[in-house]
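*Asks:* Before I ask anything, let me first share the structure, which is written out below as structure tokens.
The values are calculated or read from the model by the stated rules, or taken from the named source; none is laboratory data. Just so you know, these numbers come straight off a predicted model, no measurement behind them. Here Cβ is always computed from backbone atoms with ideal geometry, including for glycine, and neighbour counts include all displayed protein chains.
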Amino acid sequence: MPSVENKDKIETISAILKEKPNFVVTTYSGLDVEKLTKLRGQIRQANGTMKVLKNTLFHLALSQSEAHKEAAEGLKDVLKGPCAVIFVTDDVPTVAKIVVNEGKTEDKLALKGGYFEGRFLPKSEVQAIADLPSRDELLAIIGRGLNTPATKIATGINQIMAALARGIKAVAEKNS
């Protein structure tokens, strides 16, 4: 039976899960304060929240949440040793990308697993999500795709008009 203090912590974690239902679990042990602060700042810019939680309390909060019950079972093996949980609303690829990029220069930071759109994700799947383009990059790609045909049509119409004008000019010069 959890103590009153731990019940409060579980309620706090549950409130965060309701606000930001998706999350990524990472290792962080050994990172100095400066690097951890920099990482938290990057995560905050991506609308995420990084929390260092007790594994047992986090697992209890997941078990008590209807939406996260299934994930709680999958995360049992992931929640070993010191873990940090990065909560995010919907842009998991951006947050996972931040962790992967920082992990390239910092061995002490690594993905362990996560939860996205109703299911537990092992490390390999979170890594695959990190390799996807972010939401902003996808919107830029779509925008370029939509803009390209319009540009080609405008260029084609412009060339037709220019050719017509050259033809009229040539006829006018020939007749004069």
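*Asks:* Somewhere in the range 52-68, is a residue touching a strand residue (DSSP E or B) at 6+ places or on another chain (Cβ under 8 Å), surrounded by fewer than 16 Cβ atoms within 10 Å (Cβ to Cβ) and under 18 Å from K123 (Cβ atoms)?
*Replies:* no
*Asks:* Then there's this: Being among the β-branched types (V, I, T) and in contact (Cβ under 8 Å) with a residue 60 or more places away in the chain is the requirement here; does V126 meet it? Step through it out loud before you land on a result.
*Replies:* Details: among the β-branched types (V, I, T): yes; in contact (Cβ under 8 Å) with a residue 60 or more places away in the chain: yes.
When the stated conditions are applied, V126 passes them.
*Asks:* Closer than 22 Å to A46 by Cβ, out of contact with any Cys (no Cβ under 8 Å at 6 or more places or on another chain) and not β-branched (V, I, T): which single residue out of D131, D107, D77 fits that description? Spell out how you get there, then give the answer.
*Replies:* Working: D107 fails: closer than 22 Å to A46 by Cβ; D77 fails: closer than 22 Å to A46 by Cβ.
None of the others qualify; the one that does is D131.
*Asks:* Does R44 satisfy the criteria of being under 17 Å from L17 (Cα atoms) and either under 21 Å from the mean Cα position of the chain (by Cα) or surrounded by fewer than 16 Cβ atoms within 10 Å (Cβ to Cβ) (or both)?
*Replies:* Values: under 17 Å from L17 (Cα atoms): yes; either under 21 Å from the mean Cα position of the chain (by Cα) or surrounded by fewer than 16 Cβ atoms within 10 Å (Cβ to Cβ) (or both): yes.
Taking the combined requirement at face value, the residue satisfies it.
*Asks:* Quick one: which strands (runs of 3 or more DSSP E) lie wholly within the range 1-109 and hold at least 1 residues that are of a type outside the set (D, E, K, R) and without any contact (Cβ under 8 Å) to a residue 60 or more places away in the chain?
*Replies:* Those strands (runs of 3 or more DSSP E) span 48-52, 84-88.
*Asks:* Looking at (1) at pLDDT below 85; (2) over 28 Å from D32 (Cβ atoms); (3) crowded, with 16+ Cβ neighbours inside 10 Å, which is the only condition L132 fails?
*Replies:* It fails just one condition, (3).
*Asks:* In addition: Any residue in the range 122-132 that is under 30 Å from V100 (Cα atoms), assigned to a strand (DSSP E or B) and not polar (S, T, N, Q)?
*Replies:* Taking the range 122-132 and keeping what is under 30 Å from V100 (Cα atoms), we get 122-132.
Filter once more, so that each one left must be assigned to a strand (DSSP E or B): 122.
Filter once more, so that each one left must be not polar (S, T, N, Q): 122.
Checked against the condition, which is being under 30 Å from V100 (Cα atoms), assigned to a strand (DSSP E or B) and not polar (S, T, N, Q), the range 122-132 yields at least one hit.
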